[in-house]
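Just so you know, all these numbers are worked out from the coordinates, no wet-lab data involved. Just so it is clear, the structure is predicted and the values come from calculations on it, not from any experiment. Because the Cβ atoms are built from the backbone with ideal geometry, glycine has one as well, and the counts that use them run over all protein chains shown.
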Amino acid sequence: MTRRSINQSACLLVAVLALGLPLVMRSATYLHILILLYFYAYLTTSWNLVGGFAGVLPLGHAAFVGIGAYTSTILYLQYGVSPWLGMLVGGILATLVGILIGLPTFKMRGAYFALATIAFAEGIRVMIENIDRLGPFVINGPRGLQIPPLKLGLSNFMFAVKEPYYYIILIMLAAVLLLTYCISRSKLGYYLNAGGEEPEAAMALGVNVARAKLIAMAMSSFLTALAGTFYAQFTLYIHPKSVVSLDLSFEIAFIALIGGRGSIAGPVLGALLLRPVSDFSRIYFGDTVPGLHLIIFGVVLILVMLYQPRGLQEPLTRLYNRLVDRLAGTEGGEASA
């Protein structure tokens, strides 16, 4: 067997497993956890466009999740707009906000950019928690918004069972991974990598680093807002602490940093390893030790930064390559994609 055929077989096996899991998984709890795993993998991959390839550290992406969730929910509850259309409206609104944030903050270096994104996200959360109405729009403050499951069906993005949500988030994850793959091999991807690692050298070569980062921020904001709409329709209830909290922003960044920021597989690997830990710690220790999952993430992050600063995807990729080399009957061959 050649390396190419082995890689194709591995991809096919992963696709078959992903598509067939709901057919054999009878536990609604485990299917719920799996949907959230894909959801966080999607969120982290969207974050990775700017937090990984662009070389900055945004810590306020929960703001875009909240914009997407509240926009589609308000449009549906007050005006009867389909959540699918509300999803696009929320994405466009988040894109505009992302550009407004990126214009001044991309001129900052080091921790200043991260602090600026934290301040913005916290400002959005505090505003939502303390007002019941924003003009004609009902926000409901800390009580949040509940979506009554009265009109089930694909057109209203509401289903009586979890399987449709599983396949929707799976398609969203596959699409954002494909987009990330294409960007990583495009001129924009090269500009982002150059501007993230050596911005001065990239600018000396004529690369408009700020423009490239702003494009990445716009795409990341749009994609993250789409996830907000999915979460709102999946849970049918949103409130500030669920979609605009700093916990969510930090969790997204932790998953990317531990999995391997700037890589395609890193966010997925990070979600695959950390989300089950988070969910089970909340199920079994949520009442006695609230926030335990963030403590675990912090400990794992410290260990990864000490021993694998490029993330867990690097040793796992090496292990996979060795296995492929043995199966292909070669040693020390070219690393697989």
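Points worth noting:
- Computed over the chain with a Gaussian network model linking Cα atoms closer than 10 Å, the most mobile of L248, L306, L223 is L306.
- Choice from I302, I283, I139 with maximal GNM fluctuation in the chain (Cα, 10 Å cutoff): I283
- The phi-based Karplus calculation (6.51 cos²θ - 1.76 cosθ + 1.60; θ = phi - 60°) puts the 3J(HN,Hα) values of segment 302-312 at 4, 5, 5, 5, 6, 10, 9, x, 8, x, 6 Hz, whole numbers, x for Gly and Pro.
- In this structure the amide hydrogen of M158, modeled in the peptide plane, comes within under 5 Å of the amide hydrogens of G153, none closer than 5 places in sequence on its chain.
- Couplings for segment 173-186, taken from phi via the Karplus curve 6.51 cos²θ - 1.76 cosθ + 1.60 with θ = phi - 60°, read 5, 4, 5, 6, 5, 5, 4, 4, 4, 5, 5, 5, 10, 9 Hz in order; Gly and Pro are left as x.
- Per-selection Kirkwood Rh - the chain (Cα, Å, 1 d.p.): 20.9
- Mean sequence separation of contacting Cα pairs (under 8 Å, at least six apart), scaled by the length of the chain, corresponds to a relative contact order of 31 percent.
- Peptides ranked, highest mean first, by Cβ atoms within 10 Å: ranges 86-93, 251-258: 251-258, 86-93
- With both labels modelled 7 Å from their Cα along Cα-to-Cβ, the H32 to L294 distance reads 2.2 nm.
- Trypsin sites (Lys or Arg not before Pro) within segment 137-207: DSSP coil, no more than 12 neighbouring Cβ in 10 Å: K151, R185
- Spin-label model, M25 to Y190: label points 7 Å out along the Cα-to-beta-carbon direction sit 4.0 nm apart.
- Whole-Hz Karplus values for segment 245-250 come out as 7, 5, 3, 5, 4, 5 Hz, taken residue by residue from phi with 6.51 cos²θ - 1.76 cosθ + 1.60 and θ = phi - 60°; glycine and proline positions read x.
- For the pair A160 and L323 in one chain, pulling the backbone fully straight at 0.36 nm per residue adds 54.4 nm over the alpha carbon distance.
- Within the listed set Y70, Y42, Y30, the residue fluctuating most in the Gaussian network model of the chain (springs between alpha-carbon atoms under 10 angstrom) is Y30.
- Sorting 226-238, 118-130 by their mean Cβ neighbour count within 10 Å, with the most densely packed peptide first, gives 226-238, 118-130.
- Residues with amide H under 5 Å from that of Y237, placed H, sequence gap 5 or more: I147
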